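Worksheet for the structure shown next.
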Amino acid sequence: MELHQLRYFCAVVRKGNFSRAAEDQRVAQPSLSQQIIKLENELGAKLFDRFPRSARLTSFGRAFLPKAEAILRQVAEARTEIQEMTGAVKGEVSIGAIPTIAPYLLPSALARFTRKHPGVTVSVVEEITPLLLDQLRQGKLDMALLALPVPGVDLICEELIREPLYAVVPARHRFSCRRSLELREIKNEPFLLLKEGHCFRENTLLACRRSRVRPNIVFESGQFASIIAMVSAGIGISVVPAMAVEKHSGCSFIRIRDESSMRRVGLVQLKDHFPTRAQRALAEYLRANHFRFGLQSSTGWRQIPCGLGEQD
């Protein structure tokens, strides 16, 4: 059994057929197919059901897949560990972030990080939590910035930020000049919310349940920008985390006083993943006090260090 056979096998699984897998691995399709056949012969079992335009795992293939992935991952980590012994902070790091975090925290933070570590290339994947966790477990991501808690005994979760929530109301709303309010005060308002799959939706609904509020949901979107635009047009109200608070002529942002109206943001990594020097550098940077983001309060913009919540 050869490592390249395992790579070809996993590529066919990812791509869904032999042609795309061959392109992905930059080999001729007949060569890739022949290596898969050799692997099947050695294992004594058929790994794929072949169709004209696709290839599907057999029960033997499904059983073999996690073993093949684990072997390739261990080899890659062994190679990385040896390379790390040579010293310099360089290489590639892949980080995932949910859509309610990525555009607010990452641009300025990564700009500063890459200036400090020019030899490190950082790639960013923006997706919802379940998809990021899948990619983390598959080894496609090195770390992820997510809303906590995140379930999984195979994960290490470190809280970086604890941020308050804000109500967003139209500029002419009766509460628009308020400095703070409680969720129960807006329980009868038409409510705009993120779609299913976004963890901030669950953060908001949990805060509502704890305050015994059943929001009257009239609009759902996958983007805060769309929700804020709808609030500005007078369609209803919404809730956003502190990092999404921004100057907007048609809206007012009001701190929610409820004790449970808080979001925790953390760094998530796999327990058994050996981090490279570049990955450790980025993780340490994200933990550091100088990793900051802007929060808009009634007195204007100010900087809040990572790991600290806004004080009342």
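Some observations on this one:
- Over the stretch 197-284, relative contact order from alpha-carbon pairs under 8 Å, at least 6 apart, %: 26
- The C-alpha atoms of the chain define a longest principal axis, and helix 29-43 lies at about 80 degrees to it.
- Rounded to the nearest 10 degrees, the angle from helix 3-15 to the longest Cα principal axis of the chain is 50 degrees.
- Look at Arg287, Arg162 and count the other Cβ atoms within 10 Å of each Cβ; fewest to most, that gives Arg287, Arg162.
- log₁₀ of I(q)/I(0) at q = 0.11 Å⁻¹ - the stretch 1-110, Debye sum with one point per alpha carbon: -0.51
- Per residue, the average separation of C-alpha pairs within less than 8 Å and at least 6 apart gives the chain a relative contact order of 20 percent.
- Computed magnitude of the charge dipole of the chain (debye, nearest 20; Cβ of K, R +1, Cβ of D, E -1): 520
- Compactness of the chain, expressed as Rg and Dmax over alpha-carbon positions, Å: 23.9, 74
- Dipole of the stretch 3-84, positive direction: furthest Cα of Ile71, Ala55, Cys10, with charges on the beta-carbon: Ala55
- Per residue convex hull volume, Cα atoms of the stretch 162-262, in Å³: 87
- Between 0 and 90°, nearest 10: helix 102-116 axis offset from the chain longest Cα axis: 60
- From least to most packed, judged by other beta carbons within 10 angstrom and beginning with the fewest, Tyr285, Tyr8 follow the order Tyr285, Tyr8.
- Selection among Leu205, Val265, Ile101 by position relative to the dipole of the chain gives Leu205 as farthest towards the positive end (Cβ unit charges, Cα centre).
- Taking the DSSP bridge list for the chain and keeping only pairs wholly inside it, about 65 percent are antiparallel.
Read-outs throughout are calculated quantities, based only on the coordinates presented, and are distinct from any laboratory measurement. Not measured: the values here are computed from a predicted model. So basically every Cβ, Gly included, is an ideal-geometry build from the backbone, and we count neighbours across all protein chains shown.
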